[in-house]
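K.L.:
Would you mind keeping the following structure in view while I ask a few things?
The values are calculated or read from the model by the stated rules, or taken from the named source; none is laboratory data. None of these values were measured; they are calculated from a predicted model. In this analysis, Cβ positions are derived from the backbone assuming ideal geometry, glycine residues included, and neighbour counts consider all displayed protein chains. When the accessible area is computed, the model is the full protein with side chains, heavy atoms only, and any ligands, DNA or RNA have been set aside. Shrake-Rupley method; radii C 1.70, N 1.55, O 1.52, S 1.80 Å.
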Amino acid sequence: MVARHRCTHGRLGDLVGGRSRFGGLSGWSCAYPCVMGDNRGLGDAHDRRRGSDHSEDQAAATPPLEVSVVQPRPEVRVVVVGGEVDMVTARLLERWVREQLTRPPRHLVLDLSGVTFLDSSGLALLVVTRELAQAAGCVLHLVGDQPPVARPLTRTGLVVMFRPYSSLEHLLTELADG
């Protein structure tokens, strides 16, 4: 049996015989490869995250995570993030960050200006990323002071640790000035 399925992150995927085509867990699991990846324990929990009906309204309300990497200067690498950073998408973002730290730049920037939601999993990822960057001899900077990012950082006291910049241009200017 093959069915098309729209999950809570708004992507369509193929479900085959009650298992995702990416090796999902028992029962109907999400077939979105960037989130599911190797499916070690995410499938069923992800499907129950917001209920199992996967309605069109839920799909439209939850944008996928968008991640890209740019290098505006040889010593600066920027991971640009858009969408929601939650318990499911934080794992995807962590993979991207770890990949960037395999050959660490002098400055790693997480540009969160496109983030529309940041939960405790995303905050925990920021703390872990800071520790990983420091261990790799890299300085972590955050860009994005809009309410979906600033509010949880402020309420948890992490704003003191990260001091997010208002724009990438502002950060790059400050780094150039030394």
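K.L.:
Which net charge results when you count Lys and Arg as +1 and Asp and Glu as -1 among the other residues whose beta-carbon is under 10 Å from that of Arg77?
P.N.:
Summing Lys and Arg as +1 and Asp and Glu as -1 gives +2.
K.L.:
What is the distance, in nm, between label points placed 7 Å from the Cα along the Cα-to-Cβ direction at Ala124 and at Glu174?
P.N.:
2.8 nm
K.L.:
If amide H atoms are built 1.01 Å from N in the plane of the peptide, which residues on other chains or at least 5 residues away come under 5 Å of the amide H of Val80?
P.N.:
Distant-sequence amide H within range of Val80: Ser68, Val69, Val70, Asp111.
K.L.:
Using heavy-atom solvent-accessible surface (probe 1.4 Å) with all chains present, what is the largest-first order of Asp145, Asp86?
P.N.:
I get Asp145, Asp86, largest accessible area first.
K.L.:
At 1.4 Å probe size, what's the solvent-accessible area of Phe117? Round to the nearest 10 Å².
P.N.:
90 Å²
K.L.:
Between Glu99 and Arg155, what is the FRET efficiency for a Förster distance of 41 Å, r being their Cβ-Cβ separation, to the nearest 0.05?
P.N.:
Values: r = 30 Å, r/R0 = 0.73.
Working from the Cβ atoms, E equals 0.85.
K.L.:
If I ignore ligands, DNA and RNA and count only protein heavy atoms, how much of Val78 is accessible to a 1.4 Å probe, in Å² to the nearest 10?
P.N.:
Its accessible surface works out to 0 Å², give or take rounding.
K.L.:
Dipole of segment 56-178, Cα-centred, from +1 at each Lys and Arg C-beta and -1 at each Asp and Glu C-beta, to the nearest 20 debye?
P.N.:
480 debye
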